[in-house]
Amino acid sequence: MKSTTTIAVRNGLETDIQYGSVVPPMHLSTNYCFDDALSPREFDYSRSGNPTRALLADTLAKLEKGAGAIITNTGMSAITLVLQLLKPHDLLIVPHDSYGGSLRLFKAFADKGCFKLDIIDQTQEEQIQSAIAKEPKMVWLETPSNPLLRIVDIQKIANKLEGSHTLLVVDNTFLSPLLQKPLSLGADIIVHSTTKYINGHSDVVGGAVIAKTDDLSETLCWWGNTLGLTGGAFDAYQTLRGVRTLPIRIKQHEQNAKKVVNILSEHHAVSQLYYPGLENHIGHEIAKRQQSGFGGMVSFELKGDHNALIQFVHRLQLFSLAESLGGVESLVCVPALMTHRSMDNDAQVKAGIKPTLIRLSIGVEDGDDLATDLKQALDTVLLGDKD
Ligand SMILES: *Cc1c(COP(=O)(O)O)cnc(C)c1O
């Protein structure tokens, strides 16, 4: 069938029968006329179904090779939706280094008795083994992880779960379907914060759930409508506009990441570099096998103290100091002080997040410009700020 790139660019074009518009129009109407009182048409009310949202769902389902998708109003509501599949006695297994908001939600629901929760280090074989022995209802993966880009072998875990009734869920936000297809590796459900690479322009917050089977897709659709988690038409329109350029954006993110990694790996002010594309990265071999690229996220530890860190971040001109990731613009973030601030010291140490760890979301600017900017800021750290 058609390649991922062609699907991203063309899915749903030329479907407008009224005017023949190449790009399908946006449908903002909240409600739709019945043919007669006994005959609803395809859509009746926009919480349950909307043509613009349906096209985004169809496109993401095709990109991830799933049976269907549900578009939600945030990444967190996509996760909330998937958790509806659990009952009070079911066990959920999650990684200790999940996205902070996900971990907060897992714990809050478990505290309310919605399900049982085990938090483990999924890079440790024996922890996975003993977790699976407890016959969980759901295993949650996030690979590469945030911010250290640890890699978990999706297929290996899927194989261990074969024949059981355990659902395997993968948060695929960090790579997008262009670089990793978890359903093909044995997962049952994928979640995305479309806020990140899929929309890619840092101007829409949104989420998606993609299911492998029609059954799962129908159940999740029912919950999406019942809880009212579905996304708005305007957001869906804009997100689909982002999807059209996802393939070329991803290529540029990755090409730029390579240039940045080259500069960082040679610089004396960098004590540790985390990028799955590096041969010495602990998950490199798995990443090479299960991903079709290494992505645009890079983390590193800066030599020096808190002042060096503040100075470095201040000196950067082409990296905006902000949370989030996956947009066209490059970002720099200090996880210990920003994205992972809500973790206490102990939890940060356990997750390997040091005070001078820096996370970069590499944008699609000119890669040499980005590398040069990083180099001048790192040089300042070494020489000391003379201003
Ligand atoms: C951002 C993010 C989320 C949450 O998505 P929102 O769109 O912010 O609600 C979930 N998982 C990962 C990996 C993320 O990066």
Might you report the magnitude of the Cβ-based charge dipole of the chain about its Cα centre, with Lys and Arg at +1 and Asp and Glu at -1, to the nearest 20 debye? 220
Quick check for you: which residues of region 326-343 have the amide N under 13 Å from the point 7 Å beyond the Cα of K107 toward its beta carbon? 340-343
Within region 266-316, list the GluC sites (Glu not before Pro) lying in a DSSP loop whose Cβ has at most 14 other Cβ atoms in a 10 Å radius. E279
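Mind scanning K87/K350; K259/K288; K181/K251 and naming the pairs with a C-alpha gap bigger than 28 Å?
Values: K87/K350 30 Å; K259/K288 19 Å; K181/K251 16 Å.
From K87/K350; K259/K288; K181/K251, over 28 Å: K87/K350.
Over 25 Å between C-alpha atoms is what I'm after, so list which of K116/K160; K2/K258; K2/K212 land there. All intermediate terms of the calculation are to be shown ahead of the outcome.
Numbers: K116/K160 21 Å; K2/K258 28 Å; K2/K212 19 Å.
Distance filter (> 25 Å) returns K2/K258.
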Loop-only GluC sites (Glu not before Pro) in region 133-242, please: DSSP not H, G, I, E or B, and at most 16 other Cβ atoms within 10 Å. E162
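Give the Rg/Rh ratio for region 247-386, taking Rg as the radius of gyration of the Cα atoms and Rh as the Kirkwood radius, to two decimals. All intermediate terms of the calculation are to be shown ahead of the outcome.
Values: Rg = 14.6 Å, Rh = 15.4 Å.
Ratio of gyration radius to Kirkwood radius for region 247-386: 0.95.
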Cα centroid of region 221-263 to Cα centroid of region 171-185, whole Å: 12
Of the residues G163, M297, S77, the Cα lying farthest along the dipole of the chain towards its positive end, which is defined by charges on the beta carbon of Lys, Arg, Asp and Glu, belongs to G163
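Which length gain, in nm to one decimal place, applies between D58 and N345 when the Cα-Cα distance is subtracted from 0.36 nm times their residue separation?
Details: separation 287, 0.36 × 287 = 103.32 nm, distance 4.28 nm.
My answer for the length gained is 99.0 nm.
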Phi angles of region 249-263, converted by Karplus (6.51 cos²θ - 1.76 cosθ + 1.60, θ = phi - 60°) into ³J(HN,Hα) in whole Hz with x for Gly and Pro, give 4, 4, 4, 6, 3, 6, 4, 5, 4, 4, 5, 5, 4, 4, 5
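Stokes-Einstein at 37 °C, 0.692 mPa s, Kirkwood radius from Cα pairs: D for region 311-387 in µm² s⁻¹?
Values: Rh = 13.5 Å.
Value of D from the Cα-based Kirkwood radius: 244 µm²/s.
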³J(HN,Hα), Karplus 6.51/-1.76/1.60, whole Hz, each residue of region 200-214, x for Gly, Pro: x, 10, 6, 9, 9, 9, x, x, 8, 10, 10, 10, 6, 10, 4
Fully extended contour minus Cα-Cα distance, from E125 to E365, at 0.36 nm per residue: 82.5 nm
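No lab work stands behind these numbers, since they all come straight from the coordinates. Here the structure is a predicted model, which means the values were calculated and not measured. Reconstructed Cβ throughout: ideal geometry from the backbone, glycine too, with neighbour counts over all protein chains shown.
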